[in-house]
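None of the figures in this text is laboratory data; all of them are computed from the coordinates on show. The model shown is predicted, which means the values in this text are computed figures rather than measured ones. Heads up, the Cβs are rebuilt from the backbone with ideal geometry, glycines too, and the neighbour counts pull from every protein chain shown.
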Amino acid sequence: MTRDILSMNITELRSLMVELNQPAYRAEQIFEWLHRRGASQADSNGVRDFYVAPFARMDNLPKTLREILSQTCRITPCREVKKQVSKDGTVKYLFQMESLSDAGVFIESVLMEYEHGHTVCISTQAGCRMGCVFCASAVGGLARNLTAGEMCAQVYAAGRDTKRVSSVVLMGCGEPLDNFDAVMRFIELITHEKGANIGARHITLSTCGLVPKMRALAERKLQINLAVSLHGTTDEMRGSFMPIAKKYPINELIHACRYYIGLTNRRITFEYALTKGINDSLVQAKELADLLKGMLCHVNLIPINVTSTQFETKFSPTPRREAETFANVLIKNGIPSTIRRSLGCDIAAACGQLRSDFRM
Ligand code: SAH
């Protein structure tokens, strides 16, 4: 059996060592190579990717073990097919993930620069089956789930273009909670002190609102940031944007959010894509404030980004001044709110634009 070693945690690597008649401490050495040393290395031949022949380079392991590993384990090569740099410095990557079971799916990741450091926005699925009407990632549906290792690989690949990745957002293609187990495993791996050691508080998971999974996530009591894509204040409004809203009504969603806050004591961010004439009236702002009243939360307003799919549906962003008025209504009613700066629009790397110019 070939193993997906980049997705394995230290406990599993220890069992693997037992199976291979090796001392258990080798597990830590291998984990460090895979998630720290290798992740930051570029080799002298200009082959930037450590993962092309990883085991040969693990020079603190006996040669026999390196050979056994290269025969029994595999890491999905994360091949950079295309890279685009925006005027604002945002970088968008098109990666090809060649897993054992398929010829390779294409996915996108984004590297963004903020005052406090670099953030990598990763995809959790190749495609998405949630079908939100304003989002380009939904076009074409779901190809397959990504593994935890494939999520790590995106962070490491983009990370090689910067000194340090300080945070990770699960806001690329896919619905993270629709790939729950792999995403939980990814968080375990990426936060591990022997690996990339990114603090849980520097990880943000965004969901369109899969209520049962949000409850399951709450029960894990992780210290990550949770973002919830709201985009409307009524079932009707949300449902016209997001099919999932028909499955989980807004009152159930808000209940799940309160449950999450109760168990984790973490503030939730609500994402609200302001769309001209659709969800941006001052009445809707007041409804939003009433809906979230008393909750430990923050509202992130994002003037909707135009994607090629919207040429048919004709959505356009709320102008800046009106967005500010909308934000002020929230603030006056006690709901902290900011208008999010959009990065990478010129290279279709902004929210909702991933996969829009996909077939190249
Ligand atoms: N599936 C998750 C993760 C995607 S995160 C989720 O739905 O939350 C991407 C964020 O961008 C989500 O809040 C999504 O609703 C939002 N988004 C999608 N298309 C957009 C667009 N065209 N303009 C602005 N935001 C958009």
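Structure values in brief
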quantity: Sites matching GluC sites (Glu not before Pro) across segment 176-281 that sit in DSSP coil, with at most 14 neighbouring C-beta atoms within 10 Å; calculated: GLU193
quantity: Entries of LYS82/LYS247; LYS87/LYS332; LYS286/LYS314; LYS63/LYS83; LYS82/LYS276; LYS246/LYS286 with Cα pairs more than 31 Å apart; calculated: LYS82/LYS247; LYS87/LYS332; LYS63/LYS83; LYS82/LYS276
quantity: From phi via Karplus (6.51, -1.76, 1.60), per-residue ³J(HN,Hα) for segment 161-176 in Hz, x at Gly/Pro; calculated: 8, 8, 6, 8, 8, 9, 8, 10, 10, 8, 9, x, 5, x, 10, x
quantity: Radius ratio Rg over Rh of segment 228-293, counting only Cα atoms, Kirkwood formula for Rh; calculated: 0.97
quantity: Size of segment 79-120 as Cα extents on the principal axes (Å, biggest first); calculated: 41, 19, 10
quantity: Volume per residue of the C-alpha convex hull in segment 118-175, rounded to whole Å³; calculated: 79
quantity: Backbone HN-Hα couplings from phi across segment 178-188 [Karplus 6.51/-1.76/1.60, Hz, Gly and Pro as x]; calculated: 7, 9, 4, 5, 5, 5, 4, 5, 4, 5, 4
quantity: Percentage relative contact order, segment 247-321, counting C-alpha pairs under 8 Å, at least six apart; calculated: 36
quantity: Inverse of mean 1/r across different Cα pairs in segment 35-185, Kirkwood, Å; calculated: 16.4
quantity: For segment 29-37, 3J(HN,Hα) per residue [Karplus equation, 6.51 cos²θ - 1.76 cosθ + 1.60, θ = phi - 60°, Hz, x = Gly/Pro]; calculated: 4, 5, 4, 4, 4, 5, 10, 10, 5
quantity: Net charge, GLU19 excluded, C-beta distance under 11 Å - Lys, Arg +1, Asp, Glu -1; calculated: +1
quantity: Taking the C-alpha atoms of segment 111-234, convex hull volume expressed per residue in Å³; calculated: 120
quantity: Rounded tilt (10° steps) of 250-264 against the dominant C-alpha axis of the chain; calculated: 50
quantity: Computed log₁₀ I(q)/I(0) - Debye formula, equal Cα scatterers, no solvent, the chain, q 0.15 Å⁻¹; calculated: -1.30
quantity: Cysteines in the chain that, by Cβ-Cβ distance, have no pairing candidate under 4.7 Å; calculated: CYS73, CYS78, CYS121, CYS128, CYS152, CYS173, CYS208, CYS257, CYS297, CYS345, CYS351
quantity: Long-range amide H partners of THR207 with built H, under 5 Å; calculated: ALA227, VAL228, SER229
quantity: Relative contact order of the chain, pairs being alpha-carbon contacts under 8 Å that are 6 or more residues apart, as %; calculated: 14
quantity: Unit charges on C-beta of K, R, D, E only; dipole of segment 235-313, Debye; calculated: 300
quantity: Debye-sum result for segment 207-360 in log10 I(q)/I(0), which assumes one identical scatterer on each alpha carbon, at q = 0.14, 0.16 Å⁻¹; calculated: -0.71, -0.92
